[in-house]
Every structure is written in C-alpha cells, then in structure tokens.
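**Student:** Sending over a structure as structure tokens; questions will come in a sec.
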Amino acid sequence: MSSDANPQQYAGQAGGPPPQYQQQPQYGPPQQPQYAPQPQYGPPQPNPYVEQGAPQGPGQPPYVPPGGYVPVPPPPPGRGRGPKIAVAAILSVVLLAAVGAVVLFKFVLVKGPDPAEAFPSTASMYMEVNLDPSFDQTPKLLEHLSKFDDLDYDSTDDLLTDLLEESGLEGVDAEEDLTSWLGNRHGVAMWQYEDQPYAVVSLASTDAGAAEDGMADLRAAAGVEEDQMAYTVEDDHVLLVAGETGAADALTAAQSEAGDEPLSASGSYEEARSWLDGDQLVVYWVDMASVGAVAEGMGEEVPEEFLDLYSGQLIAGFSAFDEGFELTYRLFGSEADAWTGSEDLMSGMGDLPASDFAATAYIPENIGDLAEEWTGAFEGLYGGGEATAEATEPSVDAQPLTDAEYTEYLELQTSYYDGTISAEDEARYLELDSRYWMYGTEAEPFEYEDDYTDYGPDFAAIEEAVAQFTDLLAGSSLSVAGNFDPEEDTDPESLFFSAHLAEDRAQELVDALNEYAGEEGLPDGVEVDGSDISYTGPETGSGTLADDARFSDFADVAPSESAIGLWVDLDAAAETYPEDFEGAEPLSAFAWAHGSQDGDGTGVLRLYLND
C-alpha cells in the first residue's frame with residue numbers, strides 16, 4: 001500500500017504525461033539536472049493515483065478516471081538500476097566536491113597571485129616559493145622539518161620569523177613588520193636592465209597598509225639606499241627591485257615590461273612550467289642562454305664551453321612526499337640529451353646486492369665525442385680568465401714565507417677574494433701566493449727530492465687516457481655496489497662490480513685498468529668473459545637492493561628510460577661515521593636517477609627521512 005496516508009490531488013492533465021514529466025516553465029538560467037533519489041529497500045510498492053471523493057469500496061481497486069496514471073511497479077531490486085543510479089549520484093557529489101576543492105585552493109586559499117605575472121619575460125632566472133600550494137604540502141613540510149633539531153615549527157609564520165631573526169636585522173619586529181601582511185606565494189628573478197643586473201622580488205601581501213609600513217622598516221634595518229632598493233605596494237603583492245644603483249628606474253621598467261610581456265606568458269617558461277606536475281613548494285627555472293649575459297653584467301666571465309654544453313631552459317620543482325623531499329627536473333635543450341637510458345636500468349639496479357651505496361649507468365654510444373667536448377671545456381675553464389695585474393716573478397733564490405710574510409699573505413688574500421684589492425697589492429699577493437704554494441712557510445716548508453720533476457700528467461696525457469677508456473666503454477652498462485668502512489671509507493670485501501661492453505673487449509679494458517692501477521692492480525677474483533667483467537667480494541650482501549622498500553619506492557618514480565642511478569643509504573653512513581652525521585640523524589637515504597623524455601634530459605632526486 002502507499003506510504004502516503006493522504007495522497008495529493010492529481011495535478012496533471014487527463015491523458016497527458018504524469019506531473020513529474022510535464023514541461024514546467026523556467027525562469028532564469030536552466031536548472032541543473034537533479035540527482036536520482038536513493039533506492040528504497042524491500043519490495044517495491046505501487047503508489048496509484050486516487051481521486052479524492054471517488055467511490056471506493058472494500059476490496060475494490062482504486063478508482064481511476066479516464067486518462068489517469070497508474071505507475072508500473074519497478075523490477076525486483078536485485079536486477080534494477082537503483083544501485084547504479086545511487087552510485088552515480090554519489091560519484092557526482094564527490095566529483096563536484098573535488099572540483100570545488102581545487103577551485104578553492106587554486107583561486108582562494110593560495111595567498112597571492114602568480115609571481116611570474118609580475119616579472120619581465122626577459123628574466124634569466126626565476127624561483128617561486130609557495131608555502132601553501134595544496135592540502136598536504138605545508139603539513140608535510142612542517143612535519144619533516146620538525147624531525148631536525150631546532151626546526152620544530154607550528155606554522156610557516158614561525159618559520160619566517162626564525163629566518164628573519166637569523167638574518168641579524170635589528171629594529172625589526174617579525175610579527176608586525178612581516179608576518180602580519182606576508183602571504184604564502186613569492187618569487188624572485190634575475191633580470192638585466194641597461195646592462196646592469198637586478199634582483200626582482202614579488203612578495204604576496206594580504207594587507208597593503210601593513211606591507212607599506214613593514215617594507216619601510218625592513219629597508220631601514222637593511223641599511224640600503226632607495227637607489228639600491230626600490231619597491232611598490234600593490235593590493236595583493238609587493239614588487240621590489242634591488243641592484244647596485246638605479247633601482248627606481250629599473251622598477252619602473254620592470255613593471256612596464258611585465259605589463260606587456262610577463263614571464264608567465266613567455267613561451268619557453270610556459271612550456272617548461274606546464275610539464276612540472278604536482279604541487280610544488282619551490283619552482284626553479286633558468287634560461288641558460290641568458291646566464292652568460294647576466295654573468296657579464298655582474299663582471300663575471302662564463303666560458304663559451306660551458307654554454308655549449310648546457311643550452312635551453314631548465315625547470316625544477318621541490319616538494320614533500322610522505323617519507324621525505326623530492327626534486328624533479330627537466331632540461332629543455334636545443335639538442336637531444338645524450339643520456340638516453342634504458343627501460344631496464346632501474347630494474348637491473350634493483351638486482352644489485354643489498355649495499356650501503358650503489359650506482360649504475362648506461363654509457364652513451366657517442367661518449368667519446370661528449371668526453372672530447374668536456375675535456376675541451378675543462379681546458380678552457382682551467383686556463384680561462386686573465387689576471388688584472390701581473391705577478392712579480394719569484395727570484396731564483398726564493399724561499400718559504402716568513403711569519404711576517406705569511407701574515408701579510410693572509411690579509412691580502414681576504415681583500416683579494418672580496419674584490420677590494422688594489423692592483424699594486426694584487427701583484428704582491430700573487431707573488432706571495434706563488435711562493436707559498438711552491439715553498440710553503442718557514443714553520444712548515446715544502447720539501448722535495450733533489451730529482452723531483454714529476455708534476456703529474458700533462459693535459460695531452462689526460463686527453464689520451466680519456467679517449468682510450470671512452471672508446472672501450474661506449475655503449476656499455478656499468479654497475480657498482482659496496483658498504484662503508486670507518487677505516488678505509490669503502491669495505492673492499494663488500495664490493496661488487498659488473499660491466500657489459502658493447503663489444504668483446506673486456507680483457508682489453510681489464511689490461512688498461514691494471515696498467516693505470518699500478519702495483520696494486522685489480523683484486524683477485526675478477527672474471528672476464530668476452531664482453532663481460534664482474535667481481536663479487538667475499539662479504540657482498542646476500543639480499544638485493546630491491547628488497548629495500550625505500551629503493552623500490554624510488555624506482556617507481558624514476559624516469560621510465562633512465563641512464564644513471566645512484567643510491568646511498570644514509571642510515572648506514574650515519575652508523576659508520578657518527579661524528580659526520582651529528583644532527584643529521586633523521587636522514588635515511590638519498591636516491592637520484594637521470595634519463596630522457598622526448599629527447600630532453602630529466603631526472604628525480606629523493607631524500608628519505610626516518611620516522
């Protein structure tokens with residue numbers, strides 16, 4: 001029987017559709033579809049129309065006027081659509097809630113505009129710091145930091161207060177001058193204007209008035225002139241420009257350029273940023289082609305060999321995950337990355353013996369060409385740069401530095417590296433520096449044998465050795481693993497090594513290694529078979545690296561085509577070298593994998609922490 005004891009008057013037209021299917025007049029925007037009702041459990045009951053006042057006798061069916069509607073009972077609940085409709089309704093609600101949460105955090109709770117919108121598109125470097133990018137990043141950040149001594153913070157405001165106190169600025173109240181108005185999303189960029197480098201900073205603001213007062217106090221406490229640091233306070237952020245001089249003009253120019261062509265709309269930045277998935281606490285981007293120009297503006301010289309090796313744009317993101325911190329990166333280069341990698345590299349690394357450290361690599365087939373470029377760059381770096389003053393040639397009977405000369409040498413060294421030394425003092429410093437490294441001091445003189453003339457191999461010999469080994473290793477796969485030792489750094493009994501060469505030249509490689517190893521040579525037990533070389537120490541671990549849950553977790557996020565893998569068990573390192581890890585006990589493991597994606601170099605680094 002009907003669950004309604006007082007059925008309502010039928011409101012439909014005779015012979016027409018039932019009321020729930022009649023077209024109702026709509027006002028304003030069309031209404032969203034209503035969710036289906038929840039299914040009722042138990043046998044379905046028909047709810048016929050009954051006209052009020054109609055004759056109704058005992059045992060008689062309800063009176064139905066002409067055109068009246070009697071709903072047909074639904075099918076049995078076991079086979080009906082009710083549960084499916086209910087599930088669909090639930091999923092729809094969940095989806096709407098998820099979309100609402102994304103919108104809420106993306107446009108409401110993330111305090112501050114996108115800093116990249118405030119920077120000129122010609123910026124060469126950019127870093128964004130977002131202290132609240134999502135639901136879980138900030139709690140994880142604070143939780144991980146709390147594992148270290150003196151880094152236990154209740155909020156990011158406490159973190160900022162601590163950083164401000166560490167800066168040593170006097171006369172600044174962290175709560176009043178900073179955290180009272182500072183939001184969570186900030187950025188800093190390196191930018192060049194009229195051949196001068198400037199730092200451009202965008203600080204998210206929640207209170208323009210407090211920001212105006214706080215910035216004035218901060219600039220006064222920093223002791224900088226207005227010509228060195230200029231800023232403007234907007235409704236939602238503070239834009240600041242700092243440089244040696246001309247900061248006010250640079251600020252105006254930066255605002256103008258960003259208004260027309262912001263970094264956020266730059267094609268190179270936009271492409272790189274869109275690749276970086278997930279919520280990031282820190283985003284770092286650099287245009288390698290602009291690095292040289294900025295460095296020259298700062299009075300530095302970047303060798304062309306460096307710029308030839310690295311080109312394009314680099315994007316990197318730093319975030320927190322359940323067990324620690326992660327950094328992902330990609331280099332959008334103009335040329336394909338040489339370290340193309342293999343889909344099997346990480347699984348093969350997992351088969352290595354369980355060890356304190358492990359490394360594996362797939363050597364590119366063109367490693368010889370790459371090594372030639374690298375050694376050429378090294379030669380340029382080694383011989384790059386010219387002294388601004390000629391060194392005074394040491395006399396034939398030059399002697400170790402006296403105590404007075406050594407004191408003078410240390411004083412001049414400070415001004416030399418500060419860049420405040422005069423040309424005359426620089427010449428004197430270079431003379432003393434040459435004598436010090438050749439003869440030492442009277443208290444600790446350097447002593448040489450009378451026939452000592454071996455200063456190590458010259459650059460030509462280094463190039464020859466590199467060419468020999470790269471020729472043998474081109475296209476090979478290498479793996480090494482072992483344990484730490486407090487006396488010898490590495491326990492030789494625990495070592496494992498394997499090499500699979502592209503050609504049957506394993507014996508040739510062993511002979512070359514023995515030649516360069518000298519009298520010690522390679523350890524006993526090295527096995528050579530065609531293109532394979534292997535060595536397993538007597539105390540090599542019995543398990544595999546994949547047995548470690550941390551490594552298996554890392555292997556899942558490594559590039560699908562990895563070329564290099566590195567693993568270091570920091571727990572084991574801390575146990576072996578406790579003095580070196582004092583205060584760093586929370587560190588558990590470090591892992592790195594580098595590979596390629598669509599011809600670009602990409603990689604992941606993870607730092608695992610203990611509970």
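**Student:** Tell me, which helices (runs of 4 or more DSSP H) wholly within region 132-239 include 1 or more residues that are at pLDDT below 90 and either aliphatic (A, V, I, L, M) or not assigned by the TED database to the domain that holds Q255 (or both)?
**Tutor:** Per the criteria, 156-167, 208-222.
**Student:** Looking at region 508-536, which of its residues are more than 18 Å from S477 (Cβ to Cβ) and of a type in the set (S, T, N, Q)?
**Tutor:** If the condition is that a residue be more than 18 Å from S477 (Cβ to Cβ) and of a type in the set (S, T, N, Q), then N514 is the only one that fits.
**Student:** Please pick out the residue among R219, R185 that is charged (D, E, K, R) and crowded, with 20+ Cβ neighbours inside 10 Å.
**Tutor:** It is R185.
**Student:** Is it the case that region 487-498 has a residue that's in contact with a strand residue (DSSP E or B) (Cβ under 7 Å, 6 or more places away or on another chain), open to solvent by 40 Å² or more (accessible area, probe 1.4 Å) and over 29 Å from A572 (Cα atoms)?
**Tutor:** Within region 487-498, none of the residues are in contact with a strand residue (DSSP E or B) (Cβ under 7 Å, 6 or more places away or on another chain), open to solvent by 40 Å² or more (accessible area, probe 1.4 Å) and over 29 Å from A572 (Cα atoms).
**Student:** Looking only at region 557-571, how many residues end up being out of contact with any helix residue (DSSP H, G or I) (no Cβ under 9 Å at 6 or more places or on another chain) and either within 15 Å of D356 (Cα to Cα) or of a type in the set (D, E) (or both)?
**Tutor:** 4
**Student:** Count, please, the residues in region 168-182 that happen to be surrounded by 22 or more Cβ atoms within 10 Å (Cβ to Cβ) and not hydrophobic (A, V, I, L, M, F, W, C).
**Tutor:** 1
**Student:** Next up: In region 327-367, what count of residues is obtained for those that are closer than 30 Å to P492 by Cα and either touching a residue at least 12 places away in the same chain (Cβ under 8 Å) or among the polar types (S, T, N, Q) (or both)?
**Tutor:** 24
**Student:** Just a yes or no: is a residue in region 246-259 touching a strand residue (DSSP E or B) at 6+ places or on another chain (Cβ under 7 Å), surrounded by 18 or more Cβ atoms within 10 Å (Cβ to Cβ), among the charged types (D, E, K, R) and under 25 Å from V282 (Cβ atoms)?
**Tutor:** The answer is yes; a qualifying residue exists.
**Student:** Look at region 326-335 and say how many of its residues are open to solvent by less than 30 Å² (accessible area, probe 1.4 Å) and in a strand (DSSP E or B).
**Tutor:** Residues in region 326-335 being open to solvent by less than 30 Å² (accessible area, probe 1.4 Å) and in a strand (DSSP E or B): 3 in total.
Table: residues versus (1) touching a His at 6+ places or on another chain (Cβ under 9 Å); (2) in contact (Cβ under 8 Å) with a residue 24 or more places away in the chain; (3) closer than 25 Å to V282 by Cβ.
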{"residue": "E170", "(1), (2), (3)": "no, yes, no"}
{"residue": "P197", "(1), (2), (3)": "no, yes, yes"}
{"residue": "E212", "(1), (2), (3)": "no, no, no"}
{"residue": "A221", "(1), (2), (3)": "no, yes, no"}
{"residue": "E225", "(1), (2), (3)": "no, no, no"}
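**Student:** While we're here: Which of (1) small (G, A, S); (2) under 20 Å from D344 (Cα atoms); (3) out of contact with any Leu (no Cβ under 8 Å at 6 or more places or on another chain) does S531 not meet, given it meets every other one?
**Tutor:** The single condition S531 does not satisfy is (3).
The values are calculated or read from the model by the stated rules, or taken from the named source; none is laboratory data. All values derive from a computational prediction rather than experimental measurement. Counting neighbours? That spans all protein chains shown, and the Cβs are built from the backbone with ideal geometry, glycine included. Remember, those area values only see protein heavy atoms, side chains included, never the ligands or the DNA or RNA. Shrake-Rupley method; radii C 1.70, N 1.55, O 1.52, S 1.80 Å.
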